[in-house]
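Beneath this line is the structure, given in structure tokens, with notes to follow.
The values are calculated or read from the model by the stated rules, or taken from the named source; none is laboratory data. Bear in mind the structure is a predicted one, so any value in this text is a computation, not a measurement. Here the Cβ positions follow ideal geometry from the backbone for every residue, glycine too, while neighbour counts run over all protein chains shown. For the accessible areas, the whole protein counts, side chains as well, though only heavy atoms, and no ligand, DNA or RNA atoms are used. Shrake-Rupley method; radii C 1.70, N 1.55, O 1.52, S 1.80 Å.
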Amino acid sequence: MTGQLLIDEVYAERFGGLDNTALALGGEGLVVVHGPNESGKTTFATLLAWLLAGPSGTPADSLRFGAPHDQVSGRLDGRLSGQTVRIEGAFKLLQRGLPNANGLTAQLAGTKLNLDGWRTTIGGIDAKVLTATYRMWGADLHSDEDVLAEITQA
């Protein structure tokens, strides 16, 4: 990444069980999100990953967030190296295959970036790295072998 990305808020317009739901992260360097099972932590983590790097996982995994042909969406507001960032994603869920990442747009300091431009801006971060990081911090929920395999693969 070319600078530090500080996330102020992740907003799920419609993503899984989250409708018009915001998660304020405060724009700090390290944020811990905790809560009971089935409270939306993994759903927000997945939305965050999709907004940062595009849809990932298996086609079956993506259908946890809606039915085939549904559109799921959200946004992220924050700052990258002191400049405002807004990332918006609108993804159509498919019966087979992952949603297309073309529904992802980013604005950095008011300048629109397409998916390739955004990925260049945050060079080195992709869905596999985000998944491995999430697994590592959620190690108490997964076996050590799964965590190490995810990190090694990324």
Check: Any residue in the range 126-140 that is more than 13 Å from Leu51 (Cβ to Cβ), polar (S, T, N, Q) and modelled with pLDDT of 90 or more?
Finding: no
Checklist line | Subset of the range 46-89 [within 21 Å of Leu5 (Cβ to Cβ) and either of a type in the set (Gly, Ala, Ser) or part of a loop (DSSP other than H, G, I, E, B) (or both)] | finding: Ala49, Ala53, Gly54, Pro55, Ser56, Ser73, Gly74, Gly78, Ser81, Gly82, Gly89
Note to self: Step by step: first the residues of the range 91-124, then only those that are in a strand (DSSP E or B) and not β-branched (Val, Ile, Thr), then the one that is surrounded by the fewest Cβ atoms within 10 Å (Cβ to Cβ). Which residue is that?
What the structure shows: Lys112
Next item on the list: Write out, first by first residue and then by second, each pair whose Cβ atoms fall under 7 Å of each other, whose residues are 6+ apart or on separate chains, and whose first residue, in the range 15-40, is over 21 Å from Arg64 (Cβ atoms) while the second is at pLDDT below 85 and surrounded by 12 or more Cβ atoms within 10 Å (Cβ to Cβ).
Entry: Leu25/Val31
Next item on the list: Return the total of residues in the range 48-69 being open to solvent by 40 Å² or more (accessible area, probe 1.4 Å) and either touching an Asp or Glu at 6+ places or on another chain (Cβ under 8 Å) or of a type outside the set (S, T, N, Q) (or both).
Entry: 10
